[in-house]
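Scroll down for the structure; my scribbles are underneath it.
The values are calculated or read from the model by the stated rules, or taken from the named source; none is laboratory data. Model, not experiment: these values are computed from the prediction. Positions of Cβ are generated from backbone atoms using ideal geometry, with glycine treated the same way; all protein chains shown enter the neighbour counts.
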């Protein structure tokens, strides 16, 4: 079952259960997926990798907005962003913890043969490809800097 089909079913359930926060998050996902399907050069059906990238972009947007609202003491808007973020995260693969990311990157650095910060580009390219959807890019970057620095 494709993600868009699952989202449609979940939207119906959320509407029947009158779950406003969940409904907002699901509609945001559906909108972003439909937009990604109609972009120039995109195929009719999105690959699982493309769907994950769309979801990650939505999460990143929600986190940035929530941070801005928090600094401006707008707890009402902050809460909306956090609720939507929690709904979107359900549809991503299980995220790796920092310890798991660190262990994986140690092994990857050995495999790639990186020895200093100059090799960070090689490590980041391989890490982002292999950990797509499983770990946040910011976390990966921080751990790579720490391990190579």
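So the values come out like this:
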{"item": "Residue 129, sole failed condition from (1) surrounded by 12 or more Cβ atoms within 10 Å (Cβ to Cβ); (2) more than 13 Å from the chain's Cα centre (by Cα); (3) in a helix (DSSP H, G or I)", "result": "(1)"}
{"item": "Members of segment 7-26 that are without any contact (Cβ under 8 Å) to a residue 40 or more places away in the chain, surrounded by fewer than 16 Cβ atoms within 10 Å (Cβ to Cβ) and part of a helix (DSSP H, G or I)", "result": "8, 9, 12, 13, 15, 16, 17, 20"}
{"item": "Leading residue by the ranking (surrounded by the most Cβ atoms within 10 Å (Cβ to Cβ)) among those in segment 95-110 that are in contact (Cβ under 8 Å) with a residue 40 or more places away in the chain and part of a helix (DSSP H, G or I)", "result": "105"}
{"item": "Failed condition for residue 113, given (1) on the phi > 0 side of the Ramachandran plot; (2) in contact (Cβ under 8 Å) with a residue 12 or more places away in the chain", "result": "(2)"}
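Results for (1) surrounded by fewer than 12 Cβ atoms within 10 Å (Cβ to Cβ); (2) at pLDDT below 95; (3) not in a loop (DSSP other than H, G, I, E, B); (4) not assigned by TED's automatic domain parsing to the domain that holds residue 136, shown as yes or no for each residue.
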| site | (1), (2), (3), (4) |
| --- | --- |
| 37 | no, yes, yes, yes |
| 49 | yes, yes, yes, yes |
| 52 | no, yes, yes, yes |
| 68 | no, no, yes, yes |
